[in-house]
1. Here are some pairs, LYS116/LYS243; LYS209/LYS249; LYS249/LYS346; which of them have Cα atoms lying more than 30 Å apart in this structure?
2. Could you give the C-alpha radius of gyration of the range 278-357 expressed as a fraction of 2.2 N^0.38 Å, taking N as the number of residues it contains?
3. Could you check the simple spin-label distance between THR282 and SER337, using points 7 Å along Cα→Cβ, in nm with one decimal?
4. Using Cα pairs closer than 8 Å and at least 6 residues apart in sequence, work out the relative contact order for the range 158-276, in percent.
5. In Å and whole numbers, how far do the C-alpha atoms of the chain stretch along each principal axis, longest first?
6. Would you mind pulling out the separation of the Cα centroids of the range 69-138 and the range 240-257, in Å?
7. Would you kindly state how much longer the chain becomes between TYR291 and ARG223 on full extension, computed as 0.36 nm times their sequence separation minus their alpha carbon distance, in nm to one decimal?
8. Can you give the charge dipole size of the chain about its Cα centre, rounded to the nearest 20 debye, using +1 on the beta carbon of Lys and Arg and -1 on the beta carbon of Asp and Glu?
Amino acid sequence: MKRIGMLTSGGDCQALNAAMRGVVKTLVGSKEQVEIYGFLDGYKGLIYSRFQMLTGKDFSGILTKGGTILGTSRTPFKTIQDPDENGLNKVEAMKQNYYKLQLDCLVILGGNGTHKTANLLRKEGLNVVTLPKTIDNDLWGTDMTFGFQSAVDIATDAIDCIHTTAASHGRVFIVEVMGHKVGWLTLNAGMAGGADIILIPEIPYDIDKVIDKIEERDKRGSRFTIIAVAEGAISKEDARLSKKEYKKKLEKNPYPSVSYEVAAAIQKKTGREVRVTVPGHTQRGGSPCPYDRVFASRLGSEAGKLILEDQYGFMVGYVNREVVRVPLEEVAGKLKSIDPDASIVKEAKLLGISFGN
């Protein structure tokens, strides 16, 4: 008998259900008897012993369903070892609930913060297998995360829709794409949607260079310019500030996000009409695209195989088009950001895309 705990933590995304389904179908399809305990709302479920007993039937029909049937929440790693408001030791509570249910393994689906906590639990002696979930595609040790391609499709569709109205009115349009620390989503959606300028956290921008690109297009007879801006895009001036100084500046910033700050600067210096569109959480929502359904199912199947082989302490990743097993300690705490000299950036520049630098 295998007793498996399962939880989804952090922000939701498409294909979480598809990945869990892949794990469960692989386990149920084996000769081994399996009990599945689904912890509700991420690590909170494991901390406070909120769970449901699940069977294979609970995972039927969810391949195309977005979100997560277990619910999710954010439990920041930086506070995971702090007592809760009632003085409860959260790490000890998770361990106690793991042993109380006599679990053989925890299957944890999540992004960077989730993997830090998963690695902590591994160090505490729990058997853990993880799956890489995030629309940001910023997890170390894997070329791709599930949810990313679905989010690229949605962000690209938003840029596609902007093209016609931008052309009709001859405006500058900014589309703000999710991504606080890395620009994978913005870069891919921007290229796919034909953005003229792409601003990402890894390449601090010069607003004058952004305006140069707009004016260059004007001289060529282009009526409009589309700019894809990551949430975490940063100017060269702000990039020189310390974290403390930058945080202080943000507290006094009159703009709701960097996109509106860029828009105001362009409008002030050029007199051009600028509009900002923010797809927001639509990028996390809806059904997973076919690629993510297949991809998440493959990763889930490999996670099930790891459990059947009693191989723990791994994240199931994807490297050079192959599903691989990556030691969890190599993943936790590392961010996969875009190298400004990466081939995809150079190719984007050859296509005439400006990064504002």
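1. LYS249/LYS346
2. 1.50
3. Going by the 7 Å Cα→Cβ label model, 3.0 nm.
4. Details: 186 pairs, mean separation 40.4, N = 119.
It rounds to 34 percent for the range 158-276.
5. 71, 42, 30
6. First find each Cα centre; the distance between them is then 31 Å.
7. Here the answer is 21.0 nm.
8. The calculation lands at about 300 debye.
Each value in this text was obtained by applying a stated rule to the coordinates, not by laboratory testing. Treat the numbers as computed from the prediction; the structure is a model and nothing was measured. In this analysis, Cβ positions are derived from the backbone assuming ideal geometry, glycine residues included, and neighbour counts consider all displayed protein chains.
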